[in-house]
Each structure stands twice: as structure tokens, then as C-alpha cells.
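Reading through the C-alpha cells given below for one structure.
The values are calculated or read from the model by the stated rules, or taken from the named source; none is laboratory data. Here the structure is a predicted model, which is why all the values come from computation and not from measurement. A quick note on method: Cβ atoms are made from the backbone with ideal geometry, for glycine too, and the neighbour counts reach across all protein chains shown. Heads up: the accessible areas ignore ligands, DNA and RNA and are worked out on the full protein's heavy atoms, side chains in. Shrake-Rupley method; radii C 1.70, N 1.55, O 1.52, S 1.80 Å.
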Amino acid sequence: MRKKYLHITTFGCQMNVHDSEQMAVLLAEQGYEQTEDSTKADCILINTCSIREKAEQKAFSELGRLMKLKEKNPDLIVGFAGCLAQHLGARVHSRVKNVDLVFGTHNIHRLPEMMEAVQKERKPVTEVGFSSSLHSLGIFAPPRDGAISAFVSIMQGCDNYCAYCVVPYLRGPEKSREPEDIVGEIEKLAGCGIREVTLLGQNVNSYGKKSGRGDDFVSLLKKINEIEGIERIRFTTSHPKDLSNELIGCFGSLRKLCRHIHLPVQSGSNRILKRMNRGYTAEEYLEKTARLRRVCPEISITSDVIVGFPGETRKDYQETIDMMEKIRFDSVFSFKYSERKGTAAGALSGKVPEAEKRQRLKELQALQDRHTQEKNTSLEGSVQEVLVEGPSRNSRQDMTGRTSCRKIVNFEGRPELIGRTVPVRISRGYLHSLRGKQISS
Ligand code: 5AD
Ligand code: SF4
């Protein structure tokens with residue numbers, strides 16, 4: 001029998017990357033092998049993101065490009081998945097002809113039967129219904145050969161309704177997985193050679209709150225900390241309003257918890273934070289980050305910031321800049337506000353002109369680059385524990401890995417080191433990575 005090939009293009013967050021891994025597992029059971037080469041594929045899936053307008057445009061231009069392959073090969077199956085598919089549903093078919101499959105974030109587990117329906121009936125299938133079950137999260141994605149790091153979804157959806165954000169509409173209400181299922185999955189991953197897990201959720205800090213069982217995020221972390229073979233635990237994303245003192249304390253007490261937190265601040269202006277419905281003030285955010293640094297002085301703190309939210313004046317923007325000066329993040333993902341249909345912010349007055357948003361973003365990014373460079377330079381001379389991930393992309397003599405703080409380190413080394421944690425003395429801090437030399441442990 002001829003081999004069947006699957007090509008997946010993924011846009012957006014780590015959650016989407018993980019969803020794509022699960023799609024690949026389900027189709028592997030149907031004999032599909034993954035390929036980077038879209039021209040040799042029998043099935044192409046585009047896993048989309050809808051968080052900002054740019055992500056939507058990118059997904060549609062990729063779909064247009066890949067549909068050209070279908071013109072040449074009518075047997076090719078093309079699927080449009082993820083948040084944007086969830087949002088548009090059957091409207092995808094009217095925007096782009098001949099897409100075979102449109103499915104949302106709650107329907108991944110049904111991919112095999114949807115594929116069968118497409119193959120048998122040769123007509124488009126659309127599945128974007130919400131389900132209250134957690135089927136899609138429970139699919140076990142065996143790690144690729146040699147992988148040492150894996151994502152584990154611990155919850156789905158979000159109940160926070162930040163005024164700018166479409167996620168609660170597209171991923172549905174927040175629901176946590178059972179702790180036993182999560183622990184079981186991580187034990188299995190450890191058995192496959194995984195050394196590092198990243199726990200995923202839109203707001204992991206509120207894990208288990210709705211279950212009424214008293215299994216909160218801290219108790220989950222403590223259980224995972226006990227799993228043999230797992231050396232490092234990471235999680236993302238944290239919401240500042242739900243970051244408890246107990247969780248902050250874990251950065252001092254849990255040996256395997258990595259010294260990094262991604263804690264999106266979005267704005268440094270209390271007026272804007274209120275309009276965003278974020279549920280904390282700039283002072284509370286400052287207090288929590290100060291507490292994190294008291295518990296774990298070397299912790300790396302990264303963040304997300306939006307500029308040009310409706311009503312953001314130059315003064316509000318300056319307050320964000322002032323906050324960044326005070327905190328000095330290790331790095332920041334920064335975005336121009338992008339209006340999303342159906343969100344509360346869409347109805348707010350005080351739209352900021354595009355040119356002004358662009359200018360604010362440029363200034364903010366220049367400032368952050370200075371801070372990131374300063375942080376990385378300050379690590380020169382220090383010894384960092386690096387979990388080696390594989391050969392470096394730029395040089396065949398080099399290995400690459402990450403520090404506990406999640407900084408990339410390149411150093412001269414041999415492939416035998418992959419999967420091991422080795423001490424590396426940092427010789428140079430660049431903007432996006434560090435360079436160092438392995439020292440004997
Ligand atoms: N416009 C700009 N940025 C947004 N984000 C979410 N929604 C929007 C939007 N409508 C950003 C936030 C969030 C990150 C994942 O994307 O900063 O933390
Ligand atoms: Fe969106 Fe806010 Fe939920 Fe994050 S917490 S996914 S920004 S609504």
C-alpha cells in the first residue's frame with residue numbers, strides 16, 4: 001500500500017502546537033506519516049489562531065496557497081482547524097471553495113471519523129460544536145524519537161472575558177482535567193524519555209477551582225514534582241489576579257519547578273486595566289512580581305503587553321513604560337490592539353489611530369530590547385544548568401538547550417549530551433540567546 005502523508009501548518013500559541021501534535025497522533029493511527037513537504041501530502045491541515053487580525057490574515061493566505069495544490073490533485077484533503085475555524089464554522093466554505101474539513105478546538109478527538117466521512121461521501125464536513133467533555137485534551141501524543149520536552153494540557157477554555165479577547169468565545173468555558181489523568185499522562189511521558197513538561201491552560205492559576213474537590217494548581221504541581229524521571233516543570237499562562245502566595249512560594253520550595261513565569265500584565269495604567277476587565281491594579285502586579293523575586297531572586301519574568309487599547313492616552317501608555325522600567329522583564333511579547341468582533345472592547349470609544357499604535361509599539365519594543373540585552377549580559381560569567389535539547393541550528397559543532405529561566409544557550413558539545421542537564425559557564429549574552437562553555441560537573 002502507498003504511504004499516506006500528512007502536512008500540518010500551525011499558527012498561534014503553544015496550545016495550538018499541542019493540538020496539532022494530537023491531530024498528528026490521531027491520523028498516524030490511520031496510516032498518515034507527517035511531512036514538512038506540502039507538495040507530497042495526501043492531507044493538509046491548517047491549525048489556525050484568531051487572537052489578532054494578523055493571525056487570521058496569515059491563516060487565509062496559507063489556505064489560499066495550499067488550495068492551489070488541490071487544484072492539481074483533487075484527491076488531496078484540506079482541513080481548516082483551530083480557533084478561526086471554530087469562529088467561522090461553515091462560513092469558511094463560502095469564503096474558500098473546496099475546503100474538505102472545518103473543525104473547531106473541541107472536536108479534535110473526532111478527526112478520524114470526520115476524515116472517513118470526507119473520504120466516503122466526498123462532501124465538506126463542518127464540526128464546530130462545543131462539548132462539555134474534555135475528550136480532546138485526553139489524547140495521548142507519544143513524543144517523537146529523542147524528544148525531551150512535552151506539552152500537557154491541564155484545562156480548556158477561559159471564563160475571564162478580558163475585554164479585548166476572543167478566547168472565551170472560541171474555546172468555551174474553563175474546565176479542568178482530573179489530576180489523576182494529568183499525573184498518569186506525565187508518568188507515561190516520563191516513561192518515554194520526557195524530562196521536561198510544560199503545563200498548558202489559558203489561566204493555569206485557576207486550575208481546579210471550579211471542580212469543588214479542592215485540587216488546586218499548587219497541589220497538582222506538588223504531585224507532578226514527585227514523578228520520577230521528570231526533571232523540570234513549567235507552566236503557561238498565568239493570570240496575575242489568580243497568582244496566589246502559595247503558588248509564588250512554590251518557586252522557592254519545589255525543586256523541579258523552573259525559575260520562569262510568564263505573567264501577562266497587558267498595561268501599566270489602572271484606568272486601562274479596568275477597561276480591559278483584568279481584575280488587578282498596577283500596584284498589585286508590582287507587589288506580586290516583587291514577592292516572586294523575594295522568594296526566587298533569579299526568577300525570569302516575561303509578559304504580554306497591548307498598546308493602543310481603546311481610550312489609551314499617551315499618559316496611560318507612559319504608565320506602561322514606567323512599569324516596564326520598574327520591573328525590567330526578561331522579555332515581552334507586545335502587540336498593537338486589534339479589534340475582535342463580539343468582544344466588549346469592540347464597543348468602547350476612543351479608538352487609537354493605527355500610526356500612533358505603531359509608534360507606541362516601536363518605542364516599547366526598543367525599550368524592552370534594551371532590558372532583555374541588559375539581563376542577558378548580566379548572566380555573563382554565571383554557571384547555568386542547561387537541559388540539552390539537540391544540535392544547534394546554526395553550527396553543527398554546537399548543542400542547544402535552555403536554562404531553568406528558559407533562556408536559550410548554545411555551546412560546543414556532542415550529541416550524547418541530548419537529554420542531560422549540564423553546567424555551562426555563560427561567556428556572552430545576546431538579545432535572543434546566550435553562549436557558553438560546558439564545565440565539568
Ligand atoms: N489585540 C491585541 N492583542 C491581543 N491579545 C489578545 N487579544 C488581543 C487583541 N484583541 C494578546 C494579549 C494576550 C496575548 C496572547 O495576545 O496580550 O496575552
Ligand atoms: Fe483571553 Fe483574558 Fe482568558 Fe487570557 S485570561 S485567554 S487574555 S480572556
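Within the range 29-88, track down each residue that is among the aromatic types (Phe, Trp, Tyr), under 24 Å from the mean Cα position of the chain (by Cα) and within 16 Å of residue 114 (Cβ to Cβ).
Filtering the range 29-88 for residues among the aromatic types (Phe, Trp, Tyr) gives 32, 60, 80.
Keeping just the survivors that are under 24 Å from the mean Cα position of the chain (by Cα) gives 60, 80.
If the condition is that a residue be among the aromatic types (Phe, Trp, Tyr), under 24 Å from the mean Cα position of the chain (by Cα) and within 16 Å of residue 114 (Cβ to Cβ), then 80 is the only one that fits.
The condition (being open to solvent by less than 50 Å² (accessible area, probe 1.4 Å), on the phi < 0 side of the Ramachandran plot and over 22 Å from the mean Cα position of the chain (by Cα)) is satisfied by just one residue among 322, 316: 316. The lone criterion from (1) among the hydrophobic types (A, V, I, L, M, F, W, C); (2) open to solvent by less than 10 Å² (accessible area, probe 1.4 Å); (3) more than 25 Å from residue 261 (Cα to Cα) left unmet by residue 139 is number (2).
If you filter the range 15-32 down to residues that are in contact with a strand residue (DSSP E or B) (Cβ under 6 Å, 6 or more places away or on another chain) and open to solvent by 30 Å² or more (accessible area, probe 1.4 Å), you find that the one that is farthest from residue 86 (Cα to Cα) is 31.
Of all residues in the range 268-303 being among the charged types (D, E, K, R) and under 24 Å from the mean Cα position of the chain (by Cα), which is farthest from residue 405 (Cα to Cα)?
So the first thing to find is which residues in the range 268-303 are among the charged types (D, E, K, R), and the list is 271, 274-275, 278, 283-284, 287-288, 291, 293-294, 298.
If we keep only those that are under 24 Å from the mean Cα position of the chain (by Cα) too, we end up with 278, 288, 293, 298.
Values: 278: 26, 288: 18, 293: 13, 298: 8 Å.
Within the range 268-303, the match that is farthest from residue 405 (Cα to Cα) is 278.
The C-beta contact set for the range 3-24 (first residue part of a loop (DSSP other than H, G, I, E, B), second residue open to solvent by less than 40 Å² (accessible area, probe 1.4 Å) and among the hydroxyl-bearing types (Ser, Thr, Tyr), distance under 6 angstrom, 6+ apart or interchain) comprises 11/48. Taken as a whole, the range 304-311 holds at least one residue that is in a loop (DSSP other than H, G, I, E, B), of a type in the set (A, V, I, L, M, F, W, C), surrounded by 14 or more Cβ atoms within 10 Å (Cβ to Cβ) and within 16 Å of ligand 2 (Cβ to nearest atom). For the range 148-164, filtered to residues that are open to solvent by less than 20 Å² (accessible area, probe 1.4 Å) and hydrophobic (A, V, I, L, M, F, W, C), the residue that is nearest to ligand 1 (Cβ to nearest atom) is 162.
Restricting attention to the range 364-381, does a residue exist that is closer than 19 Å to residue 424 by Cα, open to solvent by less than 50 Å² (accessible area, probe 1.4 Å), touching a strand residue (DSSP E or B) at 6+ places or on another chain (Cβ under 6 Å) and not in a helix (DSSP H, G or I)? Yes: the range 364-381 contains one or more residues that are closer than 19 Å to residue 424 by Cα, open to solvent by less than 50 Å² (accessible area, probe 1.4 Å), touching a strand residue (DSSP E or B) at 6+ places or on another chain (Cβ under 6 Å) and not in a helix (DSSP H, G or I).
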